[in-house]
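Quick notes on the structure that follows.
The values are calculated or read from the model by the stated rules, or taken from the named source; none is laboratory data. Small disclaimer: the values here were computed from a predicted structure and weren't measured. Virtual Cβ from ideal backbone geometry, glycine too; neighbours counted across all protein chains shown. Heavy atoms of the whole protein, side chains included, go into the accessibility calculation; ligands, DNA and RNA do not. Shrake-Rupley method; radii C 1.70, N 1.55, O 1.52, S 1.80 Å.
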Amino acid sequence: MISKKLTSLYFLCFLIACIILKTSSAQTGNIRGFVYDKSSGEPVIFTTVYLKGTTIGAATDVNGYFSITKVAPGTYTIMVTSLGFDTLRNEVKVAAGEIISKKLFLVKNAINIKAVDVSAEKQDYKTDVKMSVTKVTPREIKQIPAIGGEPDLAQYLQVVPGVIFTGDQGGQLYIRGGTPIQNKVLLDGMIIYNPFHSIGLFSVFDTDIISNADIYTGGFPAQYGGRISAVMDVTTRDGNKKRFAGKVSVNPFAAKLTLEGPLKKQKEDGGGSSSFVLSYKNSYLDQTSKTFYKYANENGLPYSFGDLYGKVSFNGANGSKLNLFGFNFQDQVDYSPVSKFNWKSGGFGAKFIVVPNGSSMLMDGIFAFSKYQMELQEADEKPRKSDINGFNMGLNFTYFFGQDEFKYGLEVAGFRTSFEFYNIAGNKLGQEENTTEFGTYFNYKKIIGKLVIEPGIRFQYYSSLTELAIEPRLSAKYNVTDKIRIKAATGIYKQNFLSTTSDRDVVNFFYGFLSAPDNLPAEFDGKSVDSHLQQANHLLLGTEFDLPFHFSLNVEAYIKNFKQLINVNKNKIYDDVAANANKPDELKKDFIVESGIAKGIDFALKFEYKRYYLWAVYSLGYVDRYDGVNTYSPVFDRRHNVNLVGAYTFGKSLLWEANARFNYGSGFPFTPTQGFYPYLNFAGGINTNYTTDNGYLGIIYGDLNSYRLPDYARLDITLKRTFVIGKNSNLEATASVINVLNRSNIFYFDRVRYQRVDQLPIMPALGVNMTF
């Protein structure tokens, strides 16, 4: 019955869209196409394409695609303006009912004056809601101090409003009250389960091949499902379609090699093309630190990782394309004898874009498979393991009606999860599950004068739970004036996945993956537990100000009501069997139900003009959890977080650049240790001789997360100099210093040995890279 209703609704929306599209196209014409960089053949993203002398235009998307619909018949001049390129003019004649396809090639400026033209960006802010989303390109990432000379998305994400970073080592990102498992990470549409290495300075993404990253910290639209807190959608660029190119970089932390080039060169007069891009990063900090940073740890810093990513792109004559890609990421940490942690991840996929002839519709699709395995070994000889692997596939359709858009799609995902874990009572918990999810969504953006409204809805069916989740979404913006805009977003979000952590750690390392379990309490807070899904309701309000002297201010307040959360039961002491039927659920169930509230406000002040870039972010946040008995603060509840970023380009030919970033964060909560005792597990039953058996060291914990760690503060600086070698070759030398103030920030505390391990001390580094 449900399936028939969904099918009927799907067909009705599709029919309405087709009728509207057909009626509109009969009286006017459409201009669509792609904008490319002439030197490399790469798409030019988020740039303005408009018809001279009119207010009609559109911005290119992440594929360089634009669509200008409802154009009255006549002759026009297409204008394309983008930072770093000469303005392009192209004459076009439009007839009623005609769809014109264009490939437009921009030529780079002969002289880069380092001025930033934000007119296109400001226009985009007026026509898109942009609620709690940060669009990131390599240009923004390179404004952050580059550790060892290599800018990285992980370092940029730490300054995004609402993002809490737990540290230089073993760092995790918590976004507006959500845990890492509640954040969806996509790489070219493929699900990535852990995007960050154990040394928190680096991600698995290579900045040089990133095209764009959309970071949603809340209120994300209906095309994203399966997570309840945030979304990170990363898209890589195609390889150079005109010539063979690459980059080599070396620093004390790691080395990197990027290669790209055409398989079939792109031509402006039509025809298809194909290209490849290959990136490999390898860390050797565990070896170099024994020489350069021995003072940080007498045995060196035990971090190593390797990242490999490859992509092949096939482009059709009309702009349609197919991408084939794959990756392999690995990470190891060996803090013997305290702990040893390692993970590895791999996957492959295909993504396509179809531009149908005779239609203003754009279609894209994805099929991908990925896997992730992790293991943590500690001195207690109770390893924690987690595996997850699965596929995701989807099909999306986008229709353009002037500045309005209608988008809908289908998604199917299947996963297998397994984990092994011990709680503080020494009981082994484990699970192996298979699950499949089916989703469909509808999203519509409508511009009515000064109002932009974007309603959407998502239907997600979880086959293993036989549950249907209905998730309405709504966002809106009102342009009060040309310089002041107010915006809002709300929505319901649900997910199947959860993670397991250990209260034995003041700082948590292990985040195992598992699907929603059946072994839940029958009731929570006096109400029956009818669903096995986690749920959060988002409400966000914001204001944007375009201030004088090239300043802009964005203020956003948010509430995330986590109506139902599922966690590992840290208090389990009985097996859930018939003999223990009279025992309370909180002492025998593998999992417990909780609820929570995350609320706060973020301020982001930005200045960008010519050679100067400044960004100041302040976040005030409160996160609470309720387990049915007690209210407590989770380990990532940071009350105050401040980030200050500055960049300055100077020199006669503007070949010098200085960058600085300062981060301050108030202390995280942790559970104190009240005492120790000899713990016997009575493995021999009543025959156990407790007078002679050697027990384990038991720990008596204080009130959950009732204490706070010290504040965190770190200042990083970078100085870069570029040397022009040839037409396509540059050499860049970088001097950087991590933790200039040599601040002692806590990293890990071993309860048993009562030893504190700090984050990274002051660490200078020199790095060089050469592009060709």
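If you go through the stretch 226-245 and keep only what is within 30 Å of ILE470 (Cα to Cα) and at pLDDT below 95, you end up with just GLY226. Among the residues of the stretch 80-108, the ones that are modelled with pLDDT under 85, open to solvent by 60 Å² or more (accessible area, probe 1.4 Å) and in a loop (DSSP other than H, G, I, E, B) come to 1 in all. For the stretch 288-319, the set of residues classified as free of Cβ contacts under 8 Å to residues at least 60 places away in the same chain, within 24 Å of THR207 (Cβ to Cβ) and touching a Gly at 6+ places or on another chain (Cβ under 7 Å) consists of SER289, GLY310, listed by residue number. For VAL635, the criteria (1) assigned to a strand (DSSP E or B); (2) more than 19 Å from LYS527 (Cα to Cα); (3) modelled with pLDDT under 90 hold in every case but one, which is (1). Restricted to the stretch 647-680, and to residues that are out of contact with any strand residue (DSSP E or B) (no Cβ under 7 Å at 6 or more places or on another chain) and at pLDDT below 90, which residue is surrounded by the most Cβ atoms within 10 Å (Cβ to Cβ)? By that ranking, first place goes to LEU680.
Against the test of being modelled with pLDDT of 70 or more and either touching a helix residue (DSSP H, G or I) at 6+ places or on another chain (Cβ under 9 Å) or β-branched (Val, Ile, Thr) (or both), the options ILE686, ILE700 yield a single qualifying residue, ILE700.
LYS572 meets the conditions (1) open to solvent by less than 50 Å² (accessible area, probe 1.4 Å); (2) outside any loop (DSSP other than H, G, I, E, B) in every case but one. The failed one is (2).
Residue by residue through the stretch 516-540, note down the ones that are in a strand (DSSP E or B), of a type in the set (A, V, I, L, M), buried (at least 17 other Cβ atoms within 10 Å of the Cβ) and out of contact with any Gly (no Cβ under 6 Å at 6 or more places or on another chain). Walk me through it before giving the result.
Within the stretch 516-540, the first condition is being in a strand (DSSP E or B), and the residues that meet it are 523-524, 527-528, 534-540.
Adding the requirement that they be of a type in the set (A, V, I, L, M) leaves 536, 539-540.
Keeping just the survivors that are buried (at least 17 other Cβ atoms within 10 Å of the Cβ) gives 536, 540.
The one that is in a strand (DSSP E or B), of a type in the set (A, V, I, L, M), buried (at least 17 other Cβ atoms within 10 Å of the Cβ) and out of contact with any Gly (no Cβ under 6 Å at 6 or more places or on another chain): ALA536.
Of all residues in the stretch 35-61, those satisfying the criterion of being in contact with a Phe, Trp or Tyr (Cβ under 8 Å, 6 or more places away or on another chain), under 22 Å from GLY189 (Cα atoms) and open to solvent by 30 Å² or more (accessible area, probe 1.4 Å) are ALA59, ASP61.
Quick one: which residue in GLU594, GLU556, GLU544 is touching a strand residue (DSSP E or B) at 6+ places or on another chain (Cβ under 7 Å), more than 27 Å from GLN143 (Cα to Cα), crowded, with 17+ Cβ neighbours inside 10 Å and among the charged types (D, E, K, R)? Give the steps one after another, and end with the answer.
Numbers: GLU556 fails: more than 27 Å from GLN143 (Cα to Cα); GLU544 fails: more than 27 Å from GLN143 (Cα to Cα).
Step by step, each of GLU594, GLU556, GLU544 is checked, and only GLU594 is touching a strand residue (DSSP E or B) at 6+ places or on another chain (Cβ under 7 Å), more than 27 Å from GLN143 (Cα to Cα), crowded, with 17+ Cβ neighbours inside 10 Å and among the charged types (D, E, K, R).
Listed here are the strands (runs of 3 or more DSSP E) enclosed by the stretch 689-772 that have at least 2 residues being open to solvent by 70 Å² or more (accessible area, probe 1.4 Å): 696-701, 712-724, 755-758, 763-771. Restricting the stretch 314-364 to residues that are more than 27 Å from SER274 (Cβ to Cβ) and touching a Leu at 6+ places or on another chain (Cβ under 8 Å) leaves a set whose member that is most open to solvent (accessible area, probe 1.4 Å) is LYS340.
Annotation note: Cβ proximity below 9 Å between a residue of the stretch 322-342 that is over 25 Å from PHE749 (Cα atoms) and a residue that is open to solvent by 30 Å² or more (accessible area, probe 1.4 Å) and among the β-branched types (Val, Ile, Thr) (sequence gap 6+ or interchain) occurs for LEU322/VAL312; ASN323/VAL312; LEU324/VAL312; PHE325/VAL312.
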